[in-house]
Amino acid sequence: MPEQDGHTTGTPSWVDVSTPDLDGARQFYTGLFGWSYEVGEERFAHYTNALLNDRVIAGLGPAQPDAPPMWGTYLHTEDLAGTVERVRAAGGTVVVEPMPIGDFGSMALAADPTGALIGFWQPDTHRGAGLVNEPGALVWNELRTTDVATAKSFYGNVFDYTFSEVQGAPECPVFQLGERQVASAEPVHREEERPHWLVYFGTSDVDATAARATELGGSVVEEPSDTAYGRMAVLADPWGAEFAVLHLPD
């Protein structure tokens with residue numbers, strides 16, 4: 001169902017963008033997806049919750065001076081300390097140790113063995129995305145990596161994922177929790193592309209959304225194309241944070 005009141009361990013439960021221009025980013029994503037916002041307190045660096053249909057769907061926060069603007073994915077956990085220990089045991093590097101964020105929950109950030117950053121979120125009052133699989137909301141999370149086999153081994157040891165294939169393509173495994181498909185991995189598409197988690201938002205018209213992104217000062221990184229999942233494109237906001245859009249059937 002599109003509305004969510006919680007998530008299960010191992011599912012992507014939250015996404016956010018780090019940006020050097022919070023005000024500008026809010027204007028860009030409102031123009032693209034129609035988001036409204038709840039702006040946080042100064043003690044939380046005005047971290048912003050994006051809303052769609054009065055449900056929280058994503059976050060916007062200030063980028064660190066030495067870090068590039070980017071979208072990040074957070075996997076749900078009910079045992080953050082234990083998850084971080086499994087990350088270390090599986091060969092990952094903890095970048096941000098578990099830390100509480102007020103009464104919202106606790107987070108940690110790690111780099112998997114291929115270099116992709118991945119977040120972990122243990123909720124308290126903030127339960128993660130409250131709306132998914134709708135135009136303008138999160139619909140998918142995809143790991144793009146230079147070493148799919150190593151990534152599979154790492155994530156499979158951190159959570160109880162099993163893996164299936166997309167149309168017989170072993171280089172594109174789908175992460176599963178039981179029968180539920182929750183994420184996927186595939187090789188990087190471009191020579192300059194570094195390992196990262198790509199965030200997908202839904203749209204009723206991929207081509208129109210790509211054109212609108214450029215009108216708003218963003219860019220098209222990968223032109224609209226038809227895939228096994230449907231028509232999609234990779235875009236970037238005006239500060240270079242990449243994200244994808246995927247067509248949702250009517």
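With respect to being of a type in the set (A, V, I, L, M) and either more than 24 Å from Thr114 (Cβ to Cβ) or open to solvent by 50 Å² or more (accessible area, probe 1.4 Å) (or both), Val188 falls outside the description. Just to be sure before I move on: is Val182 among the β-branched types (Val, Ile, Thr), modelled with pLDDT under 95 and touching a strand residue (DSSP E or B) at 6+ places or on another chain (Cβ under 9 Å) in the structure I sent? Criteria not met by Val182.
Residues in the stretch 62-71 that are outside any loop (DSSP other than H, G, I, E, B), open to solvent by 20 Å² or more (accessible area, probe 1.4 Å) and in contact (Cβ under 8 Å) with a residue 60 or more places away in the chain: Met70 only. From (1) outside any strand (DSSP E or B); (2) modelled with pLDDT of 95 or more; (3) open to solvent by 50 Å² or more (accessible area, probe 1.4 Å), pick out the condition that doesn't hold for Gly91. The one condition Gly91 does not meet is (3). Just to be sure, is Ala81 hydrophobic (A, V, I, L, M, F, W, C), on the phi < 0 side of the Ramachandran plot, surrounded by fewer than 16 Cβ atoms within 10 Å (Cβ to Cβ) and part of a helix (DSSP H, G or I)? Considered against the rule, which asks whether it is hydrophobic (A, V, I, L, M, F, W, C), on the phi < 0 side of the Ramachandran plot, surrounded by fewer than 16 Cβ atoms within 10 Å (Cβ to Cβ) and part of a helix (DSSP H, G or I), Ala81 comes out as yes. When only residues in the stretch 9-21 that are under 21 Å from His196 (Cβ atoms) and in contact with a Ser or Thr (Cβ under 6 Å, 6 or more places away or on another chain) count, which is least open to solvent (accessible area, probe 1.4 Å)? The selected residue is Val15.
Applying the set (1) aromatic (Phe, Trp, Tyr); (2) touching a strand residue (DSSP E or B) at 6+ places or on another chain (Cβ under 7 Å); (3) open to solvent by less than 10 Å² (accessible area, probe 1.4 Å) to Tyr74 leaves exactly one unmet item: (3).
If you filter the stretch 218-233 down to residues that are in contact (Cβ under 8 Å) with a residue 40 or more places away in the chain and more than 24 Å from Asp23 (Cβ to Cβ), you find that the one that is least open to solvent (accessible area, probe 1.4 Å) is Ala228. Return yes when Ala169 is more than 14 Å from the chain's Cα centre (by Cα) and surrounded by 20 or more Cβ atoms within 10 Å (Cβ to Cβ) and no when it is not. No; evaluated as a whole, the condition is false for this residue. Considering Gly24, Gly59, Gly6, the condition of being open to solvent by less than 30 Å² (accessible area, probe 1.4 Å) and in a loop (DSSP other than H, G, I, E, B) is satisfied by Gly6 alone.
Residues that are open to solvent by less than 60 Å² (accessible area, probe 1.4 Å) and over 29 Å from His247 (Cα atoms) within the stretch 123-138 comprise just one, Pro123.
The values are calculated or read from the model by the stated rules, or taken from the named source; none is laboratory data. None of these values were measured; they are calculated from a predicted model. Note that we place each Cβ from the backbone using ideal geometry, even for glycine, and neighbour counts take in every protein chain shown. Accessible surface areas use protein heavy atoms only, side chains included; no ligands, DNA or RNA. Shrake-Rupley method; radii C 1.70, N 1.55, O 1.52, S 1.80 Å.
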